[in-house]
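Undergrad: Provided herewith is a single structure, encoded as structure tokens, for subsequent inquiry.
The values are calculated or read from the model by the stated rules, or taken from the named source; none is laboratory data. Since we're looking at a predicted model, the values are computed, not measured. So basically every Cβ, Gly included, is an ideal-geometry build from the backbone, and we count neighbours across all protein chains shown.
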Amino acid sequence: MVVVHQKNVVSEESTLARNLEPKCKQCRREGEKLFLKGEKCFTDKCAIERRSYPPGQHGQKKGRLSDYGGQLREKQKIRRIYGILEKQFRNIYKSADRKRGVTGDNLLQLLESRLDNVAFHMGFGSSRSEARQIVRHNCILVNGLRVNIPSYLVRAGDTIEIAKNAKEQLRIKSSIAAADRRNFPVWIEMNVTEMKGIFKSKPERSDLPATINESLVVELYSK
């Protein structure tokens, strides 16, 4: 059974449309860890640890970005972190812009409220892409009901858990154990034993990485 509350869903692009660029190259393109490869990102095997310059023939040549180039680069980085394609990201931005408050903060809160992202923070997947796959494979319950739409927007107070028939999957068990060792975000209350968590509230801006500069995205789309 698939549960869909229309106002809680930011439309998905076709599942056939994917970013096929190798994940380590995406991190190198942005010059920082985007944590796209799960546990590998926390080891010395991470590509950024060995080659922090962009991929390609001219990757080691340093050039100065224009203001527009910097804004575009930041948008691409945020898209890659959350695994979202261009059209979908623009739609999320439009939703953020229509909401009351600071557009940049709204944008990040919408991204962080996606079910695949919440599942990742709860340790149900070792990366956002793996968490997205687990959602699509009907392994997640929201308030006791099965939801398989990664873009479903979780609300404060919602309970997210692993479905009973998926609790024995080794990859889910190992991901939750690894997330528990690193500690969970303050806006999530997690019961590791029951594989269940509560999305307590939308994160404050101060709780999110300082390496993200959402104001550059606002400047880009405001032109």
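Undergrad: State the number of residues belonging to the range 172-186 that are surrounded by 15 or more Cβ atoms within 10 Å (Cβ to Cβ) and in a helix (DSSP H, G or I). Steps first, answer last, please.
TA: Going through the range 172-186, the residues surrounded by 15 or more Cβ atoms within 10 Å (Cβ to Cβ) turn out to be 172-173, 175-176, 179, 184-185.
Add one more test, that the residue is in a helix (DSSP H, G or I), and what stays is 172-173, 175-176, 179.
Going through the range 172-186 one residue at a time, the tally reaches 5.
Undergrad: Being in contact with a Ser or Thr (Cβ under 6 Å, 6 or more places away or on another chain), outside any helix (DSSP H, G or I) and within 30 Å of Lys75 (Cβ to Cβ), is that true of even one residue in the range 206-221? Lay out the reasoning, then the answer.
TA: If we filter the range 206-221 for residues that are in contact with a Ser or Thr (Cβ under 6 Å, 6 or more places away or on another chain), which is where we start, we get 218.
After this cut, where a residue has to be outside any helix (DSSP H, G or I) as well, the list is none.
No, the range 206-221 contains no residue that is in contact with a Ser or Thr (Cβ under 6 Å, 6 or more places away or on another chain), outside any helix (DSSP H, G or I) and within 30 Å of Lys75 (Cβ to Cβ).
Undergrad: Still on this structure, please answer the following. List the residue pairs whose Cβ atoms are under 7 Å apart, where the first residue sits in the range 101-116 and is within 15 Å of Pro150 (Cα to Cα), the second is among the aromatic types (Phe, Trp, Tyr) and in a helix (DSSP H, G or I), and the two are 6 or more positions apart or on different chains.
TA: These pairs meet every condition: Leu111/Tyr82.
Undergrad: Among the residues of the range 139-146, are any charged (D, E, K, R), at pLDDT 95 or above and crowded, with 16+ Cβ neighbours inside 10 Å? Working first, answer last.
TA: Filtering the range 139-146 for residues charged (D, E, K, R) gives 146.
Going one step further and asking which of them are at pLDDT 95 or above, we end up with 146.
Checking the rest, the ones that are also crowded, with 16+ Cβ neighbours inside 10 Å come to none.
No; the residues of the range 139-146 include none that is charged (D, E, K, R), at pLDDT 95 or above and crowded, with 16+ Cβ neighbours inside 10 Å.
Residue-wise test of (1) of a type in the set (Ser, Thr, Tyr); (2) in contact with an Asp or Glu (Cβ under 6 Å, 6 or more places away or on another chain).
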{"residue": "Glu86", "(1), (2)": "no, no"}
{"residue": "Thr103", "(1), (2)": "yes, yes"}
{"residue": "Arg114", "(1), (2)": "no, no"}
{"residue": "Gly123", "(1), (2)": "no, no"}
{"residue": "Ser127", "(1), (2)": "yes, no"}
{"residue": "Gly144", "(1), (2)": "no, no"}
{"residue": "Ile149", "(1), (2)": "no, no"}
{"residue": "Ile160", "(1), (2)": "no, no"}
{"residue": "Lys173", "(1), (2)": "no, no"}
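Undergrad: Go through Leu141, Leu111, Leu145, Leu170 for me and flag whichever is under 27 Å from Lys94 (Cβ atoms) and not charged (D, E, K, R).
TA: On the way: Leu141 fails: under 27 Å from Lys94 (Cβ atoms); Leu145 fails: under 27 Å from Lys94 (Cβ atoms); Leu170 fails: under 27 Å from Lys94 (Cβ atoms).
Just a single option satisfies the conditions, and that option is Leu111.
Undergrad: In the range 191-205, which residue that is surrounded by 15 or more Cβ atoms within 10 Å (Cβ to Cβ) and more than 18 Å from the chain's Cα centre (by Cα) is nearest to Val102 (Cα to Cα)?
TA: Result: Lys196.
Undergrad: Inside the range 57-126, counting only helices (runs of 4 or more DSSP H) that do not spill past its ends, which hold 2 or more residues that are of a type outside the set (Lys, Arg) and in contact with a strand residue (DSSP E or B) (Cβ under 8 Å, 6 or more places away or on another chain)? Steps first, answer last, please.
TA: Values: elements: 67-82, 86-98, 103-113, 115-121.
Those helices (runs of 4 or more DSSP H) span 103-113, 115-121.
Undergrad: Conditions first: (1) under 20 Å from Phe199 (Cα atoms); (2) crowded, with 22+ Cβ neighbours inside 10 Å. Ile84 passes all but one, so which condition is the exception?
TA: (1)
Undergrad: Run Glu189 past the list (1) within 24 Å of Asn106 (Cβ to Cβ); (2) in a strand (DSSP E or B); (3) in contact (Cβ under 8 Å) with a residue 12 or more places away in the chain and report the number of the one that doesn't hold.
TA: (3)
One line per residue, one yes/no per condition, for (1) without any contact (Cβ under 8 Å) to a residue 40 or more places away in the chain; (2) touching a helix residue (DSSP H, G or I) at 6+ places or on another chain (Cβ under 6 Å); (3) among the small types (Gly, Ala, Ser):
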{"position": "Ser129", "(1), (2), (3)": "no, no, yes"}
{"position": "Gln133", "(1), (2), (3)": "yes, no, no"}
{"position": "Cys139", "(1), (2), (3)": "yes, yes, no"}
{"position": "Val142", "(1), (2), (3)": "no, no, no"}
{"position": "Arg146", "(1), (2), (3)": "no, no, no"}
{"position": "Ile149", "(1), (2), (3)": "no, no, no"}
{"position": "Arg155", "(1), (2), (3)": "no, no, no"}
{"position": "Glu161", "(1), (2), (3)": "yes, no, no"}
